[in-house]
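Participant: I'd like to ask you about the structure that follows.
The values are calculated or read from the model by the stated rules, or taken from the named source; none is laboratory data. This is a predicted model, so every value here is computed, not measured. Counting neighbours? That spans all protein chains shown, and the Cβs are built from the backbone with ideal geometry, glycine included. Note: accessible area is taken over every heavy atom of the protein model, side chains too, but ligands, DNA and RNA are not part of it. Shrake-Rupley method; radii C 1.70, N 1.55, O 1.52, S 1.80 Å.
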Amino acid sequence: MVNNSVTISNLLKTHFGYSTFRFNQEAIINDILEGKDVLTIMPTGGGKSVCYQLPALLLPGTAIVISPLIALMKDQVDVLSSNAIPAAFINSSQDSSLNNLVFKKLQEGKLKLLYVAPESLPNLLPHLSKIEISLIAVDEAHCISSWGHDFRPAYTQLGYLKEQFPQKPIAAFTATADKATQHDIVTQLNIPKAEIHLSSFDRANLFLEVRPANNRMNQIFNFLEARPNTSGIIYCLSRNSTEMIAKKLIKSGYKAIAYHAGLTAEQRSEIQEKFITDETPVIVATIAFGMGIDKGNVRWVIHYNLPKNIEGYYQEIGRGGRDGLPSDSLLFYSYADVVQLRKFTDDAANKEYQIAKLNRMQQYAEALSCRRIVLLNYFGEQVTENCHNCDICKAPPHYFDGTLLAQKVCSAIARLQEQESTGMVIDVLRGAKNALVLEKGYQNIKTFGILKNTSWLDLQQYIIQMINQGILEIRFHEKGRLLLTSLAKKILFENKSVRLATLQKQITEKKVYEPKAYVDAALFQKLRDLRLSIAKEENVPAFVIFNDASLKDMADRQPRNVVEFQNISGVGSVKLEKFGSQFLEVIAEHQES
Ligand code: ADP
Ligand code: ZN
């Protein structure tokens, strides 16, 4: 019997080095081994790859893995090779002689897994009829759906796979799929009876925080100062801002670099490499960065701008804390970004759909209750318990009778003829005598300075809440000017009451990151150095040798012999033999020193 749990747990240890399955992995593997089609929705970092790689090892023939990202394919093949699992990829970027070599191996039955981009699949089909296929895995399966946020036309042709290979299990994987997308995947892949495995999307180790986008650079400097020697990613909307921010960070002594679509492929892979090895621990990137990067020790992810949808946001913050240790997710929120993002949708075919997604993103940023509840419910998980690991849970807002304050805000907006945006309304309420105010003569209107004792940020918060309560309307397409609704008139003239909330001051600046997460930081560093030198020798990314979780485990448990080394997470039989003695030696030397 191949598919009993003893065998597959053994294989998990000998080939991948893990002693226990993570949530859902075993059930998915068993379904595939029984020949069932499956759809797996599992968050980034949850461990999807093993779910098809392990059955690929057990079943006769070759597993075909459809994967959209060329860089990701190469990494996967490297990792598999490091565990002595025969795998290869074909894609258009690879030399045709190399591709032919792969075809040859395929025909000789020498590959357990073959990765292919959907665009290259037509070239592969003639070869497939001549070989034995074990299973077909479709990675990033949400790309098949125009409801998904990463639609790839070539994916829509994958429906014929089931027709052509009706007996072979098709296993679809994705980290992001709302209900509509899940339905689309199953329908288009022709796998109506697929077993659906939905893992929780919760990544409890990610701290969630949103702050107003004022003085962002200052805030970032404070944030980084509280987290010395950590690795993280700052996401921005534009190439220019990536370069501007990277420059400022470098000037202040941080090892940072900008990453965007304007760089050559070579430059980009060099940056990724240096990020993974911590040579450049801080990346300032457009959203193009991070796909397929498996770096365990990313300690924070900052969004300099508002992302355009929750799927993208969640995927990006999901690159933090993959080693299971805490990671901070900080989002800067401003109306200017909302305006900008709305403009981007102007020419889109599915504009309405994109605006709806942007609205949900905005609601998240403006939430006054647990942010994780908002996120998880977005992905269809019904959660009601507060998470205790977001800014709102840590510092719940104080509610107060805001009627008088709201009246003052409404009255200022009326006196400004409903022509001004939030920033100017706040300046007028606070009595700011800046050039623009004086130029327009606003210092003479009656409400000037009427709320001079309320802070800028608090007022901004109150105005956002008044918009959300339908008291004010913001005209995004007219420079964000604020208007009064009929409800505002009731507040002004009928004394209708208003409840507002004060957000407590953020406390996270003082939350210094604790490098003590590793029992022995010096040993950890020595292990990293060894890993880096082996990686350079073998010309593979460092995580192919061992990922950070494995090194941390070594530093924690300090194995003294082969038997103890075998118990380290990520140590399978191949790595034990290949690297065991070198790492044991470093650990022994360290203990003696
Ligand atoms: P995903 O594709 O879901 O984002 P991966 O398959 O890349 O996730 O796995 C994420 C990380 O978790 C990898 O470093 C992988 O080696 C590790 N991993 C996977 N399964 C296990 C397991 N059962 N035990 C420990 N680590 C695991
Ligand atoms: Zn919370």
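Participant: Take the residues of the stretch 93-134 that are of a type in the set (S, T, N, Q) and in a helix (DSSP H, G or I): which is most open to solvent (accessible area, probe 1.4 Å)?
Facilitator: Going through the qualifying residues, I end up with Asn123.
Participant: Next question, about the same structure. Give the residues of the stretch 37-53 that are near ligand 1 (Cβ under 10 Å from one of its atoms) and either in a strand (DSSP E or B) or surrounded by fewer than 24 Cβ atoms within 10 Å (Cβ to Cβ) (or both), sorted by residue number. Give the derivation first.
Facilitator: Of all residues in the stretch 37-53, those near ligand 1 (Cβ under 10 Å from one of its atoms) come to 40, 42-53.
Answer for the stretch 37-53, where residues must be near ligand 1 (Cβ under 10 Å from one of its atoms) and either in a strand (DSSP E or B) or surrounded by fewer than 24 Cβ atoms within 10 Å (Cβ to Cβ) (or both): Thr40, Met42, Pro43, Thr44, Gly45, Gly46, Gly47, Ser49, Val50.
Participant: Please specify each residue of the stretch 321-334 satisfying the condition of being out of contact with any Leu (no Cβ under 6 Å at 6 or more places or on another chain), open to solvent by less than 10 Å² (accessible area, probe 1.4 Å) and either away from ligand 2 (no atom under 16 Å from the Cβ) or hydroxyl-bearing (Ser, Thr, Tyr) (or both).
Facilitator: Phe332 - this is the single residue of the stretch 321-334 that is out of contact with any Leu (no Cβ under 6 Å at 6 or more places or on another chain), open to solvent by less than 10 Å² (accessible area, probe 1.4 Å) and either away from ligand 2 (no atom under 16 Å from the Cβ) or hydroxyl-bearing (Ser, Thr, Tyr) (or both).
Participant: Out of Gln558, Gln566, Gln582, report the one residue that is away from ligand 2 (no atom under 16 Å from the Cβ), in contact with a Gly (Cβ under 9 Å, 6 or more places away or on another chain) and not assigned by TED's automatic domain parsing to the domain that holds Gln76. Explain how you work it out, then say what you get.
Facilitator: Details: Gln558 fails: in contact with a Gly (Cβ under 9 Å, 6 or more places away or on another chain); Gln582 fails: in contact with a Gly (Cβ under 9 Å, 6 or more places away or on another chain).
None of the other options fit; the residue is Gln566.
Participant: Ok, one more. Please enumerate the residues belonging to the stretch 387-402 that are among the hydrophobic types (A, V, I, L, M, F, W, C) and more than 9 Å from ligand 2 (Cβ to nearest atom). Reasoning before the result, please.
Facilitator: Restricting attention to the stretch 387-402, the residues satisfying the condition of being among the hydrophobic types (A, V, I, L, M, F, W, C) are 387, 390, 392-393, 395, 400.
Result: Ala395, Phe400.
Participant: Then there's this: Tally time: how many residues in the stretch 576-593 are under 23 Å from Gly47 (Cβ atoms) and open to solvent by 10 Å² or more (accessible area, probe 1.4 Å)?
Facilitator: Residues that pass the stated criteria total 2.
Participant: Give all pairs with beta carbons closer than 6 Å in which a residue from the stretch 441-467 that is at positive phi meets a residue that is surrounded by fewer than 17 Cβ atoms within 10 Å (Cβ to Cβ) and in a loop (DSSP other than H, G, I, E, B); count only pairs at least 6 apart in sequence or on separate chains.
Facilitator: Matching pairs, first to second residue: Gly449/Gly431.
Participant: Could you say whether any residue in the stretch 421-434 is loosely packed, with under 15 Cβ neighbours inside 10 Å, over 19 Å from Arg211 (Cα atoms) and of a type outside the set (D, E, K, R)? So that I can check it myself, show each step before the final result.
Facilitator: Initially, the stretch 421-434 is screened for residues loosely packed, with under 15 Cβ neighbours inside 10 Å, giving 433-434.
With over 19 Å from Arg211 (Cα atoms) added as a condition, the list becomes 433-434.
Restricting the remaining residues to those that are of a type outside the set (D, E, K, R) gives 434.
Checked against the condition, which is being loosely packed, with under 15 Cβ neighbours inside 10 Å, over 19 Å from Arg211 (Cα atoms) and of a type outside the set (D, E, K, R), the stretch 421-434 yields at least one hit.
Participant: To continue, here is another question. Just to be sure I understand the filter: pairs with C-beta atoms under 8 Å, separated by 6 or more residues or on different chains, first member in the stretch 151-175 and over 24 Å from Ser199 (Cα atoms), second member charged (D, E, K, R). Which pairs pass?
Facilitator: Ala154/Glu119; Lys162/Asp37
Participant: Are any residues in the stretch 223-256 within 21 Å of Gly321 (Cβ to Cβ), in contact (Cβ under 8 Å) with a residue 12 or more places away in the chain and in a helix (DSSP H, G or I), and if so, which ones?
Facilitator: The answer is Phe223, Leu224.
Participant: Restrict the check to the stretch 1-23 and report whether at least one residue is open to solvent by 10 Å² or more (accessible area, probe 1.4 Å), closer than 27 Å to Leu576 by Cα, more than 11 Å from ligand 1 (Cβ to nearest atom) and among the basic types (Lys, Arg).
Facilitator: no
Participant: Condition test on Ser411, is it polar (S, T, N, Q), over 24 Å from Ile293 (Cβ atoms) and surrounded by 15 or more Cβ atoms within 10 Å (Cβ to Cβ)? Full working, then the answer.
Facilitator: Numbers: polar (S, T, N, Q): yes; over 24 Å from Ile293 (Cβ atoms): yes; surrounded by 15 or more Cβ atoms within 10 Å (Cβ to Cβ): yes.
Yes, satisfied.
Participant: Among the residues of the stretch 544-557, is there at least one that is among the charged types (D, E, K, R), under 24 Å from the mean Cα position of the chain (by Cα) and crowded, with 20+ Cβ neighbours inside 10 Å?
Facilitator: Taking the stretch 544-557 and keeping what is among the charged types (D, E, K, R), we get 548, 552-553, 556-557.
From what's left, under 24 Å from the mean Cα position of the chain (by Cα): 548, 552.
Next cut, crowded, with 20+ Cβ neighbours inside 10 Å only: 548, 552.
Taking every residue of the stretch 544-557 in turn, at least one turns out to be among the charged types (D, E, K, R), under 24 Å from the mean Cα position of the chain (by Cα) and crowded, with 20+ Cβ neighbours inside 10 Å.
Participant: Within the stretch 257-266, track down each residue that is of a type in the set (A, V, I, L, M) and outside any loop (DSSP other than H, G, I, E, B).
Facilitator: Residues of the stretch 257-266 of a type in the set (A, V, I, L, M): 257-258, 261, 263, 265.
Result: Ile257, Ala258, Ala265.
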